[in-house]
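Please read the structure below before turning to the comments.
The values are calculated or read from the model by the stated rules, or taken from the named source; none is laboratory data. Since the model is a prediction, treat every value here as computed from it, not as a measurement. Here Cβ is always computed from backbone atoms with ideal geometry, including for glycine, and neighbour counts include all displayed protein chains.
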Amino acid sequence: MSMKLKTACLMICVLAAAGAAMAQSTGANPAAERTESINSTVPLPRVVLDLLIEPFKDDEHYRDSVIGKSDEELNKYFAAVVVHLSRPDQVDYVIEGRGPFAGADSARLWIVRSSGSQFKVVLNETASFFELLNSRTSGYKDIRSVWIVSGQRRTRLFHFTGTEYKRAEEKWSGDLQ
């Protein structure tokens, strides 16, 4: 799957979830509220970039890509959109890896939660895309990840535990061809 297609799938899932959440809060029909558009990704602040690259600084496959890079250079490796996983006034990010953080059939995908000026990675998953669901656990939206590889589809459901997302369910289905 091309990077543009994966990014488009990610943005569509986020847009659908945002529209459904808006509809749920207003009591309107979810399908009728999906008119909001996401025109582009947002640059990530340095504190979030540092959270994302920290685990890779000692990895020889990533080291040259992350050490000593400017914010602008690092932001080229990530496509981020702002979402609200719990409260409308809380800024959270759904982030898709690009370049060294992406492969032919998947990418690293992160959910970063904010609490004031503090940020925390609450989900780090390799998948083809995420879906933010209308259902909630501990006040936060549940998340579904889907990875399609070699004619197989892996679907995982994640619930928020109060501090991070944990896998609640995993299903595999095959022969998608």
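What to note about this one:
- Tabulated pairs, the stretch 138-162, first without any contact (Cβ under 8 Å) to a residue 40 or more places away in the chain and surrounded by fewer than 16 Cβ atoms within 10 Å (Cβ to Cβ), second among the hydroxyl-bearing types (Ser, Thr, Tyr) and not in a strand (DSSP E or B), C-beta under 6 angstrom, 6+ apart or interchain: GLY162/SER138
- Members of the stretch 126-170 found to be small (Gly, Ala, Ser) and in a strand (DSSP E or B), listed by number: ALA127, SER135, SER145, ALA168
- Residue selected from the stretch 84-101 under the condition aliphatic (A, V, I, L, M) and buried (at least 21 other Cβ atoms within 10 Å of the Cβ), by the criterion nearest to GLY139 (Cα to Cα): LEU85
- Residue among LEU51, LEU74, LEU123, LEU85 that is of a type in the set (A, V, I, L, M, F, W, C), assigned to a loop (DSSP other than H, G, I, E, B) and out of contact with any Cys (no Cβ under 8 Å at 6 or more places or on another chain): LEU85
Results for (1) modelled with pLDDT under 95; (2) polar (S, T, N, Q), shown as yes or no for each residue.
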site: ASP105; (1), (2): yes, no
site: SER114; (1), (2): yes, yes
site: SER117; (1), (2): yes, yes
site: TYR165; (1), (2): no, no
site: ALA168; (1), (2): no, no
